[in-house]
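J.: Take a look at the following structure, please.
Here, each number is a calculation from the coordinates, and none is a lab measurement. Remember, it's a predicted structure, so these values are computed and weren't measured experimentally. Cβ placement follows ideal geometry from the backbone for every residue including glycine, while neighbour counts extend to all protein chains displayed.
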Amino acid sequence: MRNRRLKNLRNIRGPFIIWMIMLGFMAIYVVNSIPQLSDMRERFAPEFVSVNQSFRPLLIIMAVASIILSIWFGPWLYQRHHWLLTGCPIMLIFIYAGFLSRSMPVIMVGTYPVLMIETMIGYHYSRRVMTCLTVAYLSMWVGYTAIVGWVQGIIVLSSFIFLMAIVFYYWRFYQHQVQERERVENLYTELQLAYKQVEASTVRAERQRVARELHDTLTQGLAGVVMQLEAAKSFLDQGNADRAEEIINTSMTTARTALHESRITLTDLRSTTEESLPVRLQLVADAIHKNYQVTTTIQLNDIPDYSPSQLTEITRIVTEALTNVAKHAQTDQAIISGSLTDDIFKLKIIDFGTGFNTHDKKALKKTGHYGLQGIYERADRLNGVITVISAVDEGTTVTLTLPADRKELAE
């Protein structure tokens, strides 16, 4: 907050200095434009300190220059003692008031908004300081009125009151802006805190998911291989080599399956860091080809702007569908196609393999196609629909239909 105040005080020095130079010219004009009236008033109300008419412009220049210097060094004075920011200029104005009583209306009225604005920017309790400065200026007005008379004093007072109204309005506007900025900053701080909490929760949830995925694939697979190898060793010790060989072959199959599933899991984890659906699906296609030698062609057009959580669910649906193709379709070719029509996105996974009877529950259980249940559940999270069209020896088409709306899915 302190640094911001100093920065703002430095930024306003330029306009204030230009304003003070204009005030200096106006004060010189006022002194020189009505010498006869000044001489006449000199007889009835002399100044506190008598100054020759020819030296008054020079004295005005000195007064304005010293006030400009106090404004320029205001931030430095503020760092030393806060009261010097407005205290130094007001003391200079009081000093020069005794020498330039007749030109005081210009300097008095002109410097009032300058000191008020510096007060608004520099002080936390600006209302108190503004009140003190206003009292000081009113005391100068009383002195000025005593010199020039009540008529001139009332004219200056009316101008001063008008300027006070403008300053008060600006002060209210400035306070409103400060409050709004503080509210926005507080809101930004709260959002940062909420973001960190959400990020931490997301990291925790992702770690738990990784742990579950590795437990379901690599850990269980390795545990099964260890148990089978122990059984094979037991049969070898008993001299039953045929049974041991059979178990070892089963262990090799189990190990390959665990390896394949682990690769798919790692590919899924890697794909969650990508922001593009084509890139994610290409990673999945590469993993399927490496594990099962199934080549997947990807054809995507007009992809909606889905959130990362939506892309993750779509990627996992495609992963499960391609895994089913690799395990059960008995084909080495698959196609992924996507299209957007009337805010509805359709993603199809097509193979030309053996196919199956979607109404034969026993055949579905036998071939392992009950894995489609996971696809249906993920589609439901996306507010989408899964359609499976298949026939024996004619291949299978799995279609995901979902709205193009972007939204974050709950973990």
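J.: May I ask you to list the residues in region 370-411 that are in contact (Cβ under 8 Å) with a residue 60 or more places away in the chain and among the small types (Gly, Ala, Ser)?
T.: Ala379, Gly395, Ala404
J.: Can you tell me which residues in region 298-314 are surrounded by fewer than 22 Cβ atoms within 10 Å (Cβ to Cβ), β-branched (Val, Ile, Thr) and not in a loop (DSSP other than H, G, I, E, B)?
T.: Ile298, Thr312
J.: Which of the residues belonging to region 387-406 are part of a strand (DSSP E or B) and under 37 Å from the mean Cα position of the chain (by Cα)?
T.: Listed by number, the residues that qualify are Leu400, Thr401, Leu402, Pro403.
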